[in-house]
1. Where only protein heavy atoms count, and the probe is 1.4 Å, what is the accessible area per residue for the stretch 45-192 in Å²?
2. Within 10 Å, count the other beta carbons around each residue, average over each peptide in 145-154, 209-218, and list them highest first.
3. By average Cβ neighbour count within 10 Å, what is the ranking of 288-294, 83-89 from highest down?
4. Excluding ligands, DNA and RNA, what is the solvent-accessible area per residue of the stretch 193-254 at a probe of 1.4 Å, expressed in Å²?
5. In whole Å and largest first, what semi-axes does the C-alpha gyration tensor of the chain yield when each eigenvalue is scaled by 5 and square-rooted?
6. Apply the Kirkwood formula to the stretch 120-182: the hydrodynamic radius equals the inverse of the mean of 1/r over all pairs of different alpha-carbon atoms; give it in Å with one decimal.
7. Carbon and sulfur atoms: what percent of the 1.4 Å accessible area of the chain do they account for?
Amino acid sequence: MVTGIYRGAPRIISWNITLRCPLSCAHCYVDAGEREADGVLSTREAFGVIDQICDAGRPIVVLSGGEPLLREDIYEIARYGTDQGLRMVMGTSGVLIDRKASARLCEAGIRAVAISLDSADPAVHDSFRGMPGVWEKAVEAIRSCRDEGMGVQINTSVIQWDIGSVDRVVALGRSLGVRDYQVFFPVRLGRGKGIGAGSPGDYENLIREVLVRYRDHDINVRPTCAPQFRRIADTLGIQNPSWGRGCIAGISYCRVYANGDVTPCPYLPVSAGNVRDTPFVEIWHRSEVFAALRDPARLSGKCGSCEYQAVCGGCRARAYRGIGALSNGWCDGLARPESLCGEICGEDPVCPYEAGEGA
């Protein structure tokens with residue numbers, strides 16, 4: 001039983017609005033494809049979710065997937081959220097965004113679009129995404145969205161563990177007028193359990209190289225799904241007022257799954273409740289799962305004794321399965337919360353840091 005009520009409001013919510021997708025990306029955490037999720041929320045229910053979110057605050061809502069543009073009602077949902085005062089944005093592969101689609105997104109109130117671009121080499125990107133020609137579509141989508149005046153962010157997944165591959169994506173993005181980049185470090189679940197994971201040293205080295213390379217640039221390049229970047233940045237004397245805590249799962253961020261389940265983040269498939277049964281505001285403020293994540297005293301192992309726990313917190317998704325995050329991975333089946341809080345609060349197996357090393 002949760003005691004007390006959490007007073008903070010969500011800052012950002014990621015919403016898997018559909019699990020349908022035309023691609024077969026190697027790293028997809030929800031194993032998206034031709035089949036829709038069981039019990040996917042209807043249009044009317046989606047409007048209701050937006051109303052529930054508004055009761056908790058005015059967060060950024062990221063319409064994601066699968067491929068969100070495969071929902072025939074996506075423009076209606078975006079417009080409804082915009083009319084309720086929410087900042088509606090979208091995460092997409094860009095494969096379905098042409099001039100007409102970008103104009104409709106703008107009309108629906110979509111303020112910004114995050115488009116996946118995993119390599120400056122079309123062949124590498126297309127192979128990773130499982131379909132030829134999608135690199136060109138992603139680049140065209142970036143141009144179309146920028147022409148409509150929407151903000152554009154490039155999301156790039158780490159495929160090769162070298163700074164050069166990141167540099168080449170950033171250089172391409174800059175030629176297209178993009179200033180914001182998120183470098184996603186792989187979390188092994190869904191189809192992603194089959195991709196090659198780096199060692200803890202690989203994560204550490206590439207995070208450091210990204211931070212050093214772009215510390216004095218006029219663009220924003222941020223490691224994502226790598227909360228130890230905050231520790232590494234501190235040791236390098238790099239500060240950015242826009243950065244929050246390394247892992248914000250359940251603290252200022254959560255995910256709404258296609259069937260209405262609310263989880264701490266897209267990579268942590270533990271249900272804190274379902275919006276069909278419990279209002280979102282109650283899930284957000286009173287869930288035992290979220291309460292565990294908000295209490296630093298519950299962290300165990302290295303994370304529990306680490307002097308950086310307040311700014312980093314360790315990746316709770318990787319801690320959820322411990323060393324499995326480096327080996328077998330797991331699928332995105334939603335788990336009940338009763339017996340899992342200890343795993344959620346365990347140490348991050350990808351972080352090699354030992355408490356006191358930075359002293």
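1. On the way: 5590 Å² over 148 residues.
So the stretch 45-192 comes to 38 Å² accessible per residue, rounded to a whole number.
2. 145-154, 209-218
3. Highest-to-lowest ranking by the protection proxy: 288-294, 83-89.
4. Details: 2660 Å² over 62 residues.
Spelled out: the 1.4 Å probe surface of the stretch 193-254, per residue, equals 43 Å².
5. Details: eigenvalues 162, 139, 71 Å².
Those come to 28, 26, 19 Å.
6. One over the average 1/r among Cα pairs gives 12.2 Å for the stretch 120-182.
7. Values: 7170 of 14690 Å².
The computed percentage sits at 49.
The values are calculated or read from the model by the stated rules, or taken from the named source; none is laboratory data. Bear in mind that the values here come from a model prediction, so they are computed numbers and not experimental data. Quick reminder, even Gly has a Cβ in these numbers, built from the backbone with ideal geometry, and neighbours come from all protein chains shown. Remember, those area values only see protein heavy atoms, side chains included, never the ligands or the DNA or RNA. Shrake-Rupley method; radii C 1.70, N 1.55, O 1.52, S 1.80 Å.
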